[in-house]
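Report on the following structure.
The values are calculated or read from the model by the stated rules, or taken from the named source; none is laboratory data. In this text, all values refer to a predicted model and were calculated from it rather than measured experimentally. Cβ atoms come from the backbone with ideal geometry, glycine included; neighbour counts cover every protein chain shown.
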Amino acid sequence: MKKILVPTDFSFCAEEAAKAALQLAQVTDSEIDFLHLMDVPHDWINLLENNQNTMYPDVTQKVKEANLKLDSYVSETEKIGLTCKKYLIFNEDAKYIVKFAEDNGYDYIVMGSNGASGIREMILGSNTQKVIRESSVPVLVIKDFPIHLNTSRIVFMSDFDTRSMAGFKKLVNIAEAIDCKIHLLYVNVPFMFETTDVIEERMNIYKDLAGDRLEDSTIYNSNEYEEGLKHFLETNSDILGMVTHRSNNRLAQQIINHMSVPMFNVHIVE
């Protein structure tokens, strides 16, 4: 049985991520676990329960509410016959999510993302972005665009160099697990222009790796990556697939911030 980890902050996007994770768990016959990170005063943790209530009643109430919400996730998941556990963790950050997923053998992480803009985008980023930058476990990112695994295909956008091959193999395994096709997409932009024959030569290796999961391939000319990707995806019910590494992490962050499509990301540690 596979395992899915769903870090949640109980926001709207996190709720959509929970729905997507349930779909993924059902089609892959996976255990699904929910994780909530919460900041509390350090001395609250070591107090006796009565003292917690006396000294920090607001914190105690928020902890209780978080536990109840996690309990509701577990209850709803078990109703459809899936194994589920909850984890409420205090005073940790996004790096803990990565370590927890890797140490406990999770096959997928499913997270919501509200994106970011302005100063927050440049300096703080989001927990989802931080997880994508560091996690060796494939991450499914859900925005405000509902996901339908039974009708989706994975559109794999890449420059199709050799660095992405290992991650692409994981995406092929994901496509097999959810029984969907893969469409290869190269967005050809002026500042990184390549001729068709060069792109097709690179793509051919990936076509072989995709095997019977391959639907088709497209070379799409555009002034910039996001614009081309939006135009290609605007009429389809698709999941974007990307393999990230040090040189293209920034592009992945821009897509998370500015686009609403679900995204399966595989990160390669270099």
Output the number of the condition that Y206 fails; it satisfies all remaining conditions of (1) assigned to a helix (DSSP H, G or I); (2) within 25 Å of A14 (Cβ to Cβ); (3) hydroxyl-bearing (S, T, Y). (2)
Suppose we filter I147, I109 for residues that are at pLDDT 90 or above, crowded, with 22+ Cβ neighbours inside 10 Å and on the phi < 0 side of the Ramachandran plot; which single one remains? I109
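Residue-by-condition table, conditions (1) in contact (Cβ under 8 Å) with a residue 60 or more places away in the chain; (2) closer than 23 Å to I109 by Cα; (3) among the acidic types (D, E):
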| position | (1), (2), (3) |
| --- | --- |
| R163 | yes, yes, no |
| I174 | yes, yes, no |
| A177 | yes, yes, no |
| K181 | no, yes, no |
| V187 | no, no, no |
Only one of these conditions is not met by I199: (1) among the aliphatic types (A, V, I, L, M); (2) in contact with a Phe, Trp or Tyr (Cβ under 6 Å, 6 or more places away or on another chain); (3) crowded, with 19+ Cβ neighbours inside 10 Å. Which number is it? (3)
Which one of these is within 19 Å of the chain's Cα centre (by Cα), free of Cβ contacts under 8 Å to residues at least 24 places away in the same chain and farther than 20 Å from P41 by Cα: D71, D103? D103
Given (1) of a type in the set (V, I, T); (2) within 16 Å of the chain's Cα centre (by Cα); (3) not in a helix (DSSP H, G or I), I255 misses just (3)
So how many residues does the range 3-58 have that are surrounded by 15 or more Cβ atoms within 10 Å (Cβ to Cβ), among the hydrophobic types (A, V, I, L, M, F, W, C) and in a helix (DSSP H, G or I)? 10
Determine the pairs where a residue that is free of Cβ contacts under 8 Å to residues at least 40 places away in the same chain, located within the range 20-44, has a partner that is in a loop (DSSP other than H, G, I, E, B) with Cβ atoms under 8 Å apart, the partner being 6 or more residues away or on another chain. D29/M1; P41/Y56; W44/Y56
Candidate set: the range 154-188, residues that are surrounded by fewer than 16 Cβ atoms within 10 Å (Cβ to Cβ) and of a type in the set (A, V, I, L, M, F, W, C); chosen: the one nearest to I219 (Cα to Cα): M165
How about the range 172-195: which of its residues are modelled with pLDDT under 90, more than 18 Å from Y206 (Cβ to Cβ) and part of a loop (DSSP other than H, G, I, E, B)? V189, F193
